[in-house]
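Colleague: Before anything else, here's the structure in question.
The values are calculated or read from the model by the stated rules, or taken from the named source; none is laboratory data. All of these numbers come straight from a predicted model, not from anything done at the bench. Quick reminder, even Gly has a Cβ in these numbers, built from the backbone with ideal geometry, and neighbours come from all protein chains shown.
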Amino acid sequence: MNPASRLLAVALASSVAMLGAGPALAEIITLNVENRYGAPLEFRAGSGFQGRLDAAMPRVIAPGETITRRLRTAFPNSQGGGFRYGDGTGRECDFGMSRLRDPGGPWQMPVLRARASRAGIGCRAEPESIEPGGDFSIRFIVE
């Protein structure tokens, strides 16, 4: 290997090592959806997620069941998404979450949404863990 090629190889290896040492751009949001409602809940709609879920949201959540999904976020300075579950009679919970940060700064606290479409169904969102690096976990409860 000539000296110029050797210098290029060292420079490329150093660049790759530095890229691998940087912070991960994809944080993980863990979504737990718990059905305390007493009737099956149907997935009504998703308003979109910033990133990719590890599996699709289930079409139905049985009474007493809790499902877990992990969202690998796609953007370095924002994360979030929203979805709805309901009983098929117009009673629905509209759930959502978002988290922002200034470029290069710390993550802000997540903002959670849990709204009922009408009386007769209860909707709550509770943070379970919040990491300064961007990961967080939420429990969405339908009761």
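Colleague: Please state which of the following conditions residue 76 fails to meet, knowing it meets all the rest: (1) over 22 Å from residue 132 (Cβ atoms); (2) surrounded by 15 or more Cβ atoms within 10 Å (Cβ to Cβ); (3) modelled with pLDDT under 95.
Modeller: (1)
Colleague: Looking at region 31-43, I want the residues that are without any contact (Cβ under 8 Å) to a residue 40 or more places away in the chain and have a partner that is surrounded by fewer than 19 Cβ atoms within 10 Å (Cβ to Cβ) with Cβ atoms under 7 Å, at least 6 apart or on another chain. Which pairs are those?
Modeller: Between residues of region 31-43 that are without any contact (Cβ under 8 Å) to a residue 40 or more places away in the chain and residues that are surrounded by fewer than 19 Cβ atoms within 10 Å (Cβ to Cβ), the close pairs are 38/63.
Colleague: Could you tell me whether any residue of region 130-141 is β-branched (Val, Ile, Thr), surrounded by 18 or more Cβ atoms within 10 Å (Cβ to Cβ) and either touching a helix residue (DSSP H, G or I) at 6+ places or on another chain (Cβ under 9 Å) or not in a loop (DSSP other than H, G, I, E, B) (or both)?
Modeller: Yes, there is a match, as at least one residue in region 130-141 is β-branched (Val, Ile, Thr), surrounded by 18 or more Cβ atoms within 10 Å (Cβ to Cβ) and either touching a helix residue (DSSP H, G or I) at 6+ places or on another chain (Cβ under 9 Å) or not in a loop (DSSP other than H, G, I, E, B) (or both).
Colleague: Scan (1) surrounded by fewer than 18 Cβ atoms within 10 Å (Cβ to Cβ); (2) basic (Lys, Arg); (3) in a strand (DSSP E or B) for the single condition residue 99 breaks and write down its number.
Modeller: Going through (1) surrounded by fewer than 18 Cβ atoms within 10 Å (Cβ to Cβ); (2) basic (Lys, Arg); (3) in a strand (DSSP E or B) one by one, residue 99 breaks only (1).
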